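The values are calculated or read from the model by the stated rules, or taken from the named source; none is laboratory data. The shown structure was predicted, so the numbers you read here are calculated from the model rather than taken from an experiment. As a convention, Cβ positions derive from the backbone with ideal geometry for all residues, glycine included, and neighbour counts pool all protein chains shown.
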Amino acid sequence: MANWNDPQPRKTGFGASPVLNGQTIGTGAVYDQGLRKHMLSIYNYMASGVLLSGVVALFFASSGMAAQVMATPLKWLIILAPLGFVFGMSMGALRMQTATLQALFWGFCVAMGLSMSTIFLVYTGASIATTFFATAGAFAGLSLVGYTTKKDLSAMGAFMAMGVIGLLIAIVINMFMQSSGLQLAISGLGVLIFAGLTAWDTQRLKQEYYQLAGTDFAGKAVVLGALTLYLDFINMFQFLLSFLGSRD
């Protein structure tokens, strides 16, 4: 389990240099080391969550339970459960203990795995694997851009966030229209929007560290940050699968 207590500088007297693990170093070095550890913890949580969801989805589909359950009204519980976890974690983070938030994150990943199991009933395993690795490569590159760029991406992030709202409206409309052309456009816009959000969210999480380092909320910020990047990754993967996926 990751250690959320990032090392913080200690002072032995007025004007003394910060001390980390018995060594006197500069404040910038302390925060750089703490930032790397903080972001690595977020990525570890996010990657572990994606892996857990994938294992659950594959098992649920290959066992035959997905096909059976999705043919009953219970499917709506499975489809909506992840949304409930997201709202619960986001709105209750301030009141929850870090351990509780962590447990909810793993519960969310399991619920997402159950919900995503249907992709194994629709697409071939080879196309799912190809799309996954393509998404992983794109996500890594975009997140690296967000981490290293000196340009402020907040304006782009706000635009992408509004794009998500428009995307949801288009998805609801297409539920009634059943237009293949509109579905293709939705998939294309979805990939672009969550690609942009990946870079922006990475930069935002990096900036938040300097505000939260040393506070009681730092551990919770790791879990919430992992949730954010998880959603960016999974949404980009699902929209990209609409392009690259080969149906059974």
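So is K220 in a loop (DSSP other than H, G, I, E, B) and of a type outside the set (D, E) or not?
Considered against the rule, which asks whether it is in a loop (DSSP other than H, G, I, E, B) and of a type outside the set (D, E), K220 comes out as no.
Given the structure, is K11 among the basic types (K, R), surrounded by 15 or more Cβ atoms within 10 Å (Cβ to Cβ) and modelled with pLDDT under 95?
No.
Kindly indicate whether any position in the range 146-157 is in contact (Cβ under 8 Å) with a residue 60 or more places away in the chain, in contact with a Ser or Thr (Cβ under 8 Å, 6 or more places away or on another chain) and closer than 19 Å to L51 by Cβ.
No, the range 146-157 has no match at all.
Scanning for something assigned to a helix (DSSP H, G or I), free of Cβ contacts under 8 Å to residues at least 60 places away in the same chain and out of contact with any helix residue (DSSP H, G or I) (no Cβ under 6 Å at 6 or more places or on another chain), does the range 110-120 turn up at least one residue?
No, the conditions are met nowhere in the range 110-120.
Yes/no per residue for (1) of a type in the set (A, V, I, L, M, F, W, C); (2) in a helix (DSSP H, G or I); (3) loosely packed, with under 12 Cβ neighbours inside 10 Å; (4) at pLDDT 95 or above:
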site	(1), (2), (3), (4)
K150	no, no, yes, no
I171	yes, yes, no, no
L197	yes, yes, no, yes
L224	yes, yes, no, yes
Y230	no, yes, no, yes
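Which of the following residues is surrounded by 13 or more Cβ atoms within 10 Å (Cβ to Cβ), modelled with pLDDT under 95, out of contact with any helix residue (DSSP H, G or I) (no Cβ under 9 Å at 6 or more places or on another chain) and β-branched (V, I, T): V30, V69?
V30
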